[in-house]
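Read through the structure below, which is laid out as structure tokens, and then see the notes.
The values are calculated or read from the model by the stated rules, or taken from the named source; none is laboratory data. Bear in mind the structure is a predicted one, so any value in this text is a computation, not a measurement. Positions of Cβ are generated from backbone atoms using ideal geometry, with glycine treated the same way; all protein chains shown enter the neighbour counts.
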Amino acid sequence: MKISLKNKIKLIILVVLLCIAGGFFIAYYFYNPSRQASSQWIVPNVNTPYSKFITKEALVQQIQQKNELISTETEISEEVSIDDSWGSLPIFKKIQTIQLTGNGIYTIDLSKLSSENIEINNLTKTITITSPEPAVKSITLDEQKTVYKTTENGLLRFGDVKLSTAQLQSIESSAKSKMTEKMMTPDLYTKAENNTKTTLSNLIKSLLGKGGSSYSIEVKFKK
């Protein structure tokens, strides 16, 4: 049975229309936004608290990695007098004064911080840290700055005081103890507290990165 030219044209047009309709259907089925699965939301890595949210646990983890924080370093001097006089008569007097200089540092132990010591208020954009108080960590004597002052000799005494190694170590130990006492006086200790607040605040801001730039940091000390 032969198909007339007119019918062939109609058949071809029908096939083309069916193909076009099928193409629209396939495109609608696969690319319709309402049929696509919802995009997955990736939970931020807790090791980088500034990614999405600032969490206490992540912040504590970051802080504790720093272990110990040196907040203040100060130079301090102390004089020690060695009395090698013979009796109480002025003519037998021999006194040597030594001025020692040391570098003392205050630190805070960051390993003692826990999530209980951190309050985060996302409404007021405030982070409050309750930190251990700064403590005198160590004092290192600078031998190059040690000054031996002129010996005070009585009429019948001459030369400088001769010190053994053990005596010198005892003098240095005594000087360090007195330096520690000075570092705990109100003036120096208040300065150390203020420096600690600033240093700890800067540390936390650096850990938070860009996500924490809008937060204010408040540091308090455990009493």
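Values computed for the structure shown
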item: Those residues of the stretch 81-118 which are over 30 Å from LEU168 (Cα atoms) and either in a helix (DSSP H, G or I) or free of Cβ contacts under 8 Å to residues at least 12 places away in the same chain (or both), in sequence order; result: LEU110, SER111, LYS112, SER115, GLU116, ASN117
item: Residue tally, condition closer than 11 Å to PRO134 by Cα and exposed (fewer than 14 other Cβ atoms within 10 Å of the Cβ), over the stretch 180-190; result: 2
item: Unmet requirement for LEU188, which otherwise passes all of (1) in contact with a Pro (Cβ under 6 Å, 6 or more places away or on another chain); (2) under 18 Å from GLU78 (Cβ atoms); result: (1)
item: Residue check for GLU78: in a strand (DSSP E or B), surrounded by 13 or more Cβ atoms within 10 Å (Cβ to Cβ) and in the same structural domain as SER170 (by TED's automatic domain parsing); result: yes
item: Residues located in the stretch 54-80, provided they are of a type in the set (A, V, I, L, M, F, W, C) and in contact (Cβ under 8 Å) with a residue 60 or more places away in the chain; result: ILE54, LEU59, ILE63, LEU69, ILE70, ILE76, VAL80
item: Residues of the stretch 155-189 classified as hydrophobic (A, V, I, L, M, F, W, C) and within 40 Å of the chain's Cα centre (by Cα), total; result: 8
item: Residue ID - farthest from TYR106 (Cα to Cα), chosen from residues in the stretch 128-171 that are outside any loop (DSSP other than H, G, I, E, B) and in contact with a Gly (Cβ under 9 Å, 6 or more places away or on another chain); result: ASN153
item: Residue within the stretch 171-182 that is at pLDDT below 90 and among the acidic types (Asp, Glu) present; result: no
item: Residue check for SER38: surrounded by 14 or more Cβ atoms within 10 Å (Cβ to Cβ), part of a loop (DSSP other than H, G, I, E, B) and either modelled with pLDDT of 55 or more or not aliphatic (A, V, I, L, M) (or both); result: no
item: Pair list, Cβ under 7 Å, 6 or more apart: the stretch 160-184 residue among the hydroxyl-bearing types (Ser, Thr, Tyr), other residue outside any helix (DSSP H, G or I) and surrounded by 13 or more Cβ atoms within 10 Å (Cβ to Cβ); result: SER174/VAL80; THR180/VAL136; THR180/ILE139
